[in-house]
Amino acid sequence: MRWAHAAPEAVPFPARVMRLEAAPDQLHQLIKLAGREADLILLDCPPSIEHPATLAALQEADVALVPVVPSPADLWSTKGVERLILQVQASRKGLKAALVPNRVLRTNLAWDVLEVMRDFSLPVLGAALSQRNAFAQSAVIGGTVYQLGRAGAEAAREVNKLVVEVLKLTGEKA
C-alpha cells in the first residue's frame, strides 16, 4: 500500500491497490466483490504461517508464489510455508504454487541455497529477482521498474521472465 501511495498524482501507480481488511472468514466475499472490478487480484500476505489471513488467502488463491531470499534462515521459514501450502493443496487440487528466488545476489552461498531449494516439494520458478537498486527505487517513486528507463532495464527483464514463468505455471499463454 505504501508503495502505491508514494506515487505522485500526476503519475499514479499503474494498478489499483486496496486493503482487504476483514476477518479471514470474510475474505471470500471481499475477493468476490473486488473481482467485479479486476481481472487479477494479488494478495500479499503477512510473512507468517500462523497468521489467519495466510491460510484464508490460500483457501481462495489460484496461485501461491512464495518469495525466497537465498539464505539459510529464509529456507527454514520456507519449509513451514511449503507444508501449509501442501496441506491446502491436498484439499484444493487446483491451487498451484511455486517458490520464487528473490533478492538474489551473485555469491557462492546464494547459489548453494538455490540448489537446496530444488529439494523442496514445490517447484522453483525458472526466473529470479536479483537484489537491484531499481526495485527499491521504484518503491521510492511509487511506480514500477518499467518507469525507470535504462536504470530499470535489467530489473524489467527479470520481471518479464517472472511473468512468463507464472503464466507457464498457470497454463496461460504469454
When segment 84-103 is examined, which residues are found to be surrounded by 12 or more Cβ atoms within 10 Å (Cβ to Cβ) and in a helix (DSSP H, G or I)? L84, I85, L86, Q87, V88, Q89
Just to be sure before I move on: is L40 of a type in the set (A, V, I, L, M, F, W, C), out of contact with any Cys (no Cβ under 8 Å at 6 or more places or on another chain), farther than 22 Å from R83 by Cα and in a helix (DSSP H, G or I) in the structure I sent? no
Looking at R106, R150, R118, which is the one that is modelled with pLDDT of 95 or more and surrounded by fewer than 14 Cβ atoms within 10 Å (Cβ to Cβ)? R150
Residue list for segment 24-50, filter: more than 27 Å from V68 (Cα to Cα) and not polar (S, T, N, Q): D25, L30, K32, L33, A34, G35, R36, E37, A38
What about P67, is it under 17 Å from A97 (Cβ atoms), out of contact with any helix residue (DSSP H, G or I) (no Cβ under 6 Å at 6 or more places or on another chain), in a strand (DSSP E or B) and not aliphatic (A, V, I, L, M)? yes
I'm trying to understand the selection: among the residues of segment 45-61, which are part of a loop (DSSP other than H, G, I, E, B) and either more than 16 Å from the chain's Cα centre (by Cα) or surrounded by 13 or more Cβ atoms within 10 Å (Cβ to Cβ) (or both)? C45, I49, E50, H51, A61
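The values are calculated or read from the model by the stated rules, or taken from the named source; none is laboratory data. Computed from a predicted structure; not experimentally measured. With ideal geometry, Cβ positions are generated from the backbone for all residues, glycine too; neighbour counts draw on all protein chains shown.
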